[in-house]
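Just below is one structure, and these are the notes that go with it.
Every number in this text was worked out from the coordinates using simple rules, so none of it is lab data. Predicted model only: the values in this text are computed from it and were never measured. As a convention, Cβ positions derive from the backbone with ideal geometry for all residues, glycine included, and neighbour counts pool all protein chains shown.
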């Protein structure tokens, strides 16, 4: 299988500030590759380096075998990009912007624009500066996909889209993928990455800490649990071997649970507790666990 | 060609407005004011004689030639020149700073076209507008000169005289490019246009007031001084070199900024 995106020890620093450090990515042709991490982890920096919007400090980055800095115009012919924040020319109508965008590619995109606008329920005659964030995002989606690119790079694409439109958007991305497009999907929302991606790379503080199949990530079932016991002694005595990051504060006990929820409920059922709260942990908590599961 | 068309469309309105304003000002001076001044030559001279000579120099007023058509034209040039300069700054900031102001650099820079190519197209678009303006400007002035008692025909002196705005515009086009490619954000166009245009005028007025020849190299409106054409029939070669150095430096730095600068956030 051909590798579409390949980086080797890709590093970008902003003076003394960290950007990304030794990022090794390998995205295969035809896959939907998730790229997750909290805000400021380095997702956008990686993407912007790949697109030659910013320049690497060291390392290598190739797309379709072309050098991302020296041959970016060849690469961009086949890339569709949706940035996290969508801004376009003021006072321009959506149809004019999309027509201008299409003029950079050597194909007629008018049919595709109409088709995507129809599916996304976008009024192309509206001026972009009069549009809501969601509608501007739709313009962004169309301008990123109108030339049917071989590589689609999405940087936090769903912000501003309502749940129904998110579903339509995911359907469109899946269809493009089925037609052969490779997708790099950056997000800090674990659930949407789980929903659409084949593999995922987790980035934290500028470094890739893990790359794995999404199926493995889904099997890894984490819950943040808070129990309130009748007495402090009971809280101190209670033990669950699957629990990590355990904190006991008086009658309260907090921990991160990894395992089957049913087993957790069975254990709780026999404990003398006043209250229980089970919720999905933040992505950051999972990252922490990924980093130091054994040491914790 | 698509980018060129887009850029021309982007600057068309600015081009039209400035062209109309500059021609209107030129006509007001040369058709409206000049005959009145000429008719009242003695009275006007009496007023001017009460002014300090430095003040007259700071507004580019040469009493010896003021009442000739060409001399009055040279006096009017300071206003036409400022406006022509501001037009050039406006065109180049609008062309090179359009994406920055709209926060949509990501859009253009992720299209399959090199930044160097984009830079070249933008500069050609601005130059096209400036050349069109000057064709109209020279045409209008030709009619003016033909209708009046000008001593010049279409000779080198006429060309130098009406060519001054064009050459001044090239300098200010480069200054506008440098501003647009150097600053991080462009919040509005009016601020930098007025600042650069009036800033250069104030420097020029101060330099003329203190009468230091050497300082003229930092006074952009002195580079192609029409008074010098009227009195000496040529530009000052030293100042032409200064204008070339400034223009090429600004263009070179703008090119480096545009092609190499990182686009960190939209």
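Structure notes:
- Across q = 0.12, 0.18, 0.22 Å⁻¹, the stretch B:1-147 modelled as identical point scatterers on its alpha-carbon atoms has Debye log10 I(q)/I(0) values of -0.63, -1.01, -1.30, in the order of the q list.
- Efficiency of FRET between residue B:256 and residue B:53 - r from beta-carbon atoms, R0 41 angstrom, step 0.05: 0.40
- Counting neighbouring beta carbons within 10 Å and listing from fewest to most, the residues A:25, B:55, A:76 come out as B:55, A:25, A:76.
- What separates the Cα centres of the stretch A:122-142 and the stretch B:114-151 is a distance of 38 Å.
- Average other protein chain Cβ within 10 Å of Cβ, residues B:108-120: 5
- For peptides B:248-257, A:201-210, sequence by mean Cβ density within 10 Å, most packed first: A:201-210, B:248-257
- Across all directions, the shadow cast by the convex hull of the protein assembly as shown built on its C-alpha atoms averages 35.0 square nanometres.
- Dimensions of chain A based on its C-alpha atoms, expressed as ranges along the principal axes with the largest first, amount to 72, 42, 37 Å.
- Residue B:146/residue A:216 FRET efficiency (R0 60 Å; Cβ-Cβ; nearest 0.05): 0.10
- Shape call, the stretch B:2-260: gyration tensor on alpha carbons, a/c limit 1.5: prolate
- Going from the fewest other Cβ atoms within 10 Å to the most, the residues B:114, B:168 appear in the order B:114, B:168.
- Theoretical gain in end-to-end length, residue A:274 to residue A:262 [0.36 nm per residue, Cα-Cα removed]: 2.4 nm
- Label zone at residue B:231, where the point sits 7 Å out along the Cα-to-Cβ direction: the stretch B:187-214 residues whose backbone N lies under 13 Å: B:208-209, B:211-213
- Cβ-Cβ FRET estimate between residue A:1 and residue B:244, R0 fixed at 41 Å, reported to 0.05: 0.10
- When you count the other C-beta atoms within 10 angstrom of each residue and take the mean per peptide, B:125-136, A:48-59 line up highest first as A:48-59, B:125-136.
- Among B:123, B:63, B:210, residue whose mean-square fluctuation peaks in a GNM of chain B (springs only between Cα atoms under 10 Å): B:210
- Relative to the longest principal axis of the Cα atoms of chain B, the long axis of helix B:156-182 lies at roughly 30 degrees.
- Where a label projected 7 Å from the Cα of residue B:155 along Cα→Cβ would reach, residues of the stretch B:223-266 with amide N under 19 Å: B:226-236
- Among A:195, A:143, A:166, residue whose mean-square fluctuation peaks in a GNM of chain A (springs only between Cα atoms under 10 Å): A:195
- Straightening the chain between residue A:16 and residue A:67 buys 15.8 nm, computed as 0.36 nm per residue apart minus the Cα-Cα spacing.
- Ordering B:121, B:218 from the fewest to the most neighbouring beta carbons within 10 Å gives B:218, B:121.
- Counts of other chain beta carbons within 10 angstrom of each beta carbon in peptide B:92-99 average 1.
- Estimated distance in nm for a label pair at residue B:2 and residue B:264, the labels positioned 7 Å out from Cα along Cα-to-Cβ: 3.1
- Across peptide A:49-60, the average count of Cβ atoms from other chains found within 10 Å of a residue's Cβ is 2.
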